[in-house]
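S.K.: My structure is below; once you've seen it, I'll send some questions.
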Amino acid sequence: MSPIRSATIAALASAVVATTLTGCQFGGAEQDTSPIVIAADLELSGAAATVGRTYQRALDLKVKQLNSSGALNGREIKLRVKDNRSDSAESLRNIVDFSNDSQVSAIIMGGCNECAVGAVGTINEKRIPTIALAASGAIASPVAERRYVFKLGPNAPDSAAALTTELRRNNIRKVGVLVSDDDYGREGATALKSELDKVEIAFREQRVKTTDTDVSQQIQQLASGKPDALVFWTPPEQATLAATTASQTTFRGSLFFDASAAGDLFLGAAARATERATLIFTQTMVIDDVIATTPAKAARRQWFQDYTARFGGYNGSSSFAADAVQLIADAELRAGGEVGKVDRNGIRDVLETSQMDGLSGPIRMTPDNHSGLMPQALTTLVARNGRWRLAG
């Protein structure tokens, strides 16, 4: 067994065992061997099916790893998945069904911003802990109105700050920005303009619906302003489509991708159009470029290798889903409560103070901040020879 793999297994076991010690039963008390039931509301069909299926693969792999690790104190995770068809009304029905199932400890929601924001009231009313993988800040803020809702993924202000740093470093003075016309896109446009104004970079914006399959008009409008760079703040498919469309215009500047545009490691048909493009995302996307000098980095590298070996490629968003499973499993084991019964309030309380060096990077939840991915998790990647690489 390689040193990296053995270190990773040890890290996986210690990560769970360390959080379960408070839940161990001493003195011959009855051991809880009931399953830990995690429900997942995902976009497995419809417009956002690509990312939904990515999350499902990641959830399945992470659950399998934890169940075989021997670190769940005699318990096993069971995953219950429902397709929301990329529709917020269907998603809400799924949330209600999951909430009414007393065996369900917590819910993981997929990448649909409108689904997560629309379910906030029901989640709080039903008092069921929920971790959303969608990007909109409105999912987890204001915290006082979202006590049972948490978010795991890049935050728009952090991404905007990192993008602005790179734009300034590259002496960019004028940018055209393509943003998705949804909660996260609008939030991102506001955050990015605020950051760009501070460093006197001119900003011009075009919006695109998340379901649009033709962005030529918007790209033409942006290119006509002769920007030094184009920034794509859209889902992955639209970002690569926009890059390909831009390559067919007179635009010859630089391309920059927000974290929401991160998709597959390999760029496929868009390789030529995206060559030398910059992406702000987590290091795990390119962890094979990183020397595993810590247990956390070794765990991320092993996750990358296991995912790639099983699915034939890697998708950047997968680590968020895996970290959500880890957070819920840890919270369930630490919450205690009556044997064989789910303590949702206890799970919520533990989630609210969770800290771990996750597969995505450092994660810190607090009573004042339910969006746990730290700004330090984001780094700069560059497209080279058809795949994303660590910059530098």
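The values are calculated or read from the model by the stated rules, or taken from the named source; none is laboratory data. Predicted model only: the values in this text are computed from it and were never measured. Every residue, glycine as well, gets a Cβ built from its backbone with ideal geometry; the counts of neighbours run over all protein chains shown. Please note that ligands, DNA and RNA were not included when accessible areas were found on the heavy atoms of the full protein model with its side chains. Shrake-Rupley method; radii C 1.70, N 1.55, O 1.52, S 1.80 Å.
S.K.: For the stretch 158-240, restrict the atom set to alpha-carbon positions and state the Rg and Dmax in Å.
M.R.: 12.0, 34
S.K.: Tilt of helix 3-20 relative to the longest C-alpha principal axis of the chain, in degrees (0 to 90, nearest 10)?
M.R.: So the inclination is approximately 60 degrees.
S.K.: Could you work out the relative contact order of the chain, using alpha carbon pairs under 8 angstrom and six or more residues apart, expressed as a whole percent?
M.R.: Numbers: 822 pairs, mean separation 71.8, N = 392.
It comes to 18 percent, rounded to a whole number.
S.K.: Quick one: Cα convex hull volume of the stretch 233-315, Å³ per residue? Walk me through the numbers on the way to the answer.
M.R.: Working: hull volume 7.8 nm³, N = 83.
So the per-residue Cα hull volume is 94 Å³.
S.K.: Can you give me the Rg/Rh ratio for the stretch 320-365, using Cα atoms for both radii and the Kirkwood formula for Rh?
M.R.: Values: Rg = 10.9 Å, Rh = 10.9 Å.
With Rg and the Kirkwood Rh in hand, the quotient comes to 1.00.
S.K.: Quick check: at a probe of 1.4 Å, how many percent of the accessible area of the chain sits on carbon and sulfur atoms? Walk me through the numbers on the way to the answer.
M.R.: Numbers: 7780 of 16330 Å².
In the chain, the share of accessible area belonging to carbon and sulfur is 48 percent.
S.K.: Here is a further query. Which value, to two decimals, describes the C-alpha radius of gyration of the stretch 284-329 once divided by 2.2 N^0.38 Å? Don't jump to the answer; show the numbers that get you there.
M.R.: Values: Rg = 10.6 Å, N = 46, 2.2 N^0.38 = 9.4 Å.
Cα Rg divided by the expected 2.2 N^0.38 Å: 1.13.
S.K.: Hey, how much of the P(r) for the stretch 250-392 falls beyond 28 Å, as a percent of Cα pairs? Spell out each step's value before the answer.
M.R.: Details: 2973 of 10153 pairs.
Of the Cα pairs, 29 percent sit more than 28 Å apart.
S.K.: With θ set to phi - 60°, apply the Karplus curve 6.51 cos²θ - 1.76 cosθ + 1.60 along the stretch 35-50 and write out the HN-Hα couplings as whole Hz, x wherever there is a Gly or Pro.
M.R.: Using θ = phi - 60°, the values come out as x, 8, 9, 10, 9, 9, 9, 10, 8, 9, 8, x, 4, 9, 5, 4 Hz.
S.K.: Could you tell me what a quarter of the Cα convex hull surface of the chain works out to, in nm² with one decimal place? Could the numbers behind the result be given before it?
M.R.: Numbers: hull surface 74.1 nm².
If I average the Cα hull's projected area over directions, I get 18.5 nm².
S.K.: Sort the following peptides by mean Cβ neighbour count (other Cβ atoms within 10 Å, averaged over residues), highest first: 266-278, 124-136.
M.R.: Highest mean packing first, the order is 124-136, 266-278.
S.K.: Please list 280-287, 149-156 highest first by mean number of surrounding beta-carbon atoms within 10 Å per residue. Mind dumping the intermediate values first?
M.R.: Values: 280-287: 24.6, 149-156: 26.9.
Descending mean neighbour count gives 149-156, 280-287.
S.K.: Principal axes first, then extents: for the Cα atoms of the stretch 75-174, list largest minus smallest coordinate on each axis, whole Å, largest first.
M.R.: 56, 30, 28
S.K.: Over the chain, how many pairs of lysines fall under 17 Å by alpha carbon, counting only those 8 or more apart in sequence or from different chains?
M.R.: 8
S.K.: I've got another one for you. Once amide H atoms are placed 1.01 Å from N in the peptide plane, what residues at a sequence separation of 5 or more from Lys174, or on another chain, have their amide H within under 5 Å of its amide H?
M.R.: The list, which skips near neighbours in sequence, is Ala202, Asp228, Ala229.
S.K.: Additional query: If you line up the long axis of helix 236-247 against the longest principal axis of the chain, both from Cα atoms, how many degrees apart are they, to the nearest 10?
M.R.: 10
S.K.: Find the eigenvalues of the gyration tensor of the Cα atoms of the stretch 311-392, then list the square roots of 5 times those eigenvalues as equivalent ellipsoid semi-axes, largest first, in whole angstrom. Spell out each step's value before the answer.
M.R.: Numbers: eigenvalues 213, 47, 10 Å².
Whole-Å semi-axes of the equivalent ellipsoid: 33, 15, 7.
S.K.: With a probe of 1.4 Å, find how much accessible area the stretch 200-279 has per residue, and write the answer as a whole number in Å². Mind dumping the intermediate values first?
M.R.: On the way: 3850 Å² over 80 residues.
About 48 Å² of surface per residue is accessible.
S.K.: Spelling out what I want: for every residue of the stretch 350-360, take phi, set θ = phi - 60°, compute 6.51 cos²θ - 1.76 cosθ + 1.60 (Karplus), and round to whole Hz; glycine and proline get x.
M.R.: 5, 4, 5, 10, 6, 9, 7, 8, x, 5, 7
S.K.: Counting only other residues whose beta carbon sits under 10 Å from that of Val342, what net charge do I get with K and R as +1, D and E as -1? Could you put the intermediate results ahead of the total?
M.R.: Numbers: positive: Lys341, Arg344; negative: Asp101, Glu332, Glu338, Asp343.
With Lys, Arg at +1 and Asp, Glu at -1, the net is -2.
S.K.: On the first, second and third principal axes, largest extent first, how far apart are the outermost C-alpha atoms of the stretch 198-279 in Å?
M.R.: For the stretch 198-279, the Cα spread along each principal axis is 33, 25, 22 Å.
S.K.: Considering only the other residues whose Cβ falls under 9 Å of the Cβ of Val382, what net charge follows from Lys and Arg at +1 and Asp and Glu at -1? Spell out each step's value before the answer.
M.R.: Numbers: positive: Arg276, Arg384, Arg389; negative: none.
Surrounding charge for Val382 is +3.
S.K.: Still on this structure, I have one more. How long are the three semi-axes of the equivalent ellipsoid of the stretch 116-272, in whole Å, if each is the root of 5 times an eigenvalue of the C-alpha gyration tensor, listed from largest down? Intermediate results must be reported in sequence, preceding the final value.
M.R.: On the way: eigenvalues 185, 61, 33 Å².
Whole-Å semi-axes of the equivalent ellipsoid: 30, 17, 13.
S.K.: Let me ask something additional. Helix 88-99 against the longest principal axis of the chain: what's the angle in degrees, Cα atoms only, rounded to the nearest 10?
M.R.: 20
S.K.: I'd like to check one number: the per residue accessible area of the stretch 302-342, probe 1.4 Å, reported in Å² as a whole number. Write down the numbers at each step before the final one.
M.R.: Values: 1270 Å² over 41 residues.
Heavy-atom SASA per residue in the stretch 302-342 reads 31 Å².
S.K.: Under the 0.36 nm per residue contour assumption, what length would be gained going from the current alpha-carbon distance of Gln31 and Asp197 to full extension?
M.R.: Working: separation 166, 0.36 × 166 = 59.76 nm, distance 5.85 nm.
My answer for the length gained is 53.9 nm.
S.K.: Looking at the chain only, what percent of DSSP beta bridges run antiparallel? Nearest 5 please. Write out the running numbers ahead of the final one.
M.R.: Values: 16 of 53 bridges.
The antiparallel fraction comes to roughly 30 percent.
S.K.: Same structure, new question: For the stretch 260-270, take each phi angle, set θ = phi - 60°, evaluate the Karplus expression 6.51 cos²θ - 1.76 cosθ + 1.60, and give the result in whole Hz per residue in order, putting x for glycine and proline.
M.R.: Along the stretch 260-270, the couplings run 5, 8, 6, x, 6, 4, 8, 8, x, 5, 8 Hz.
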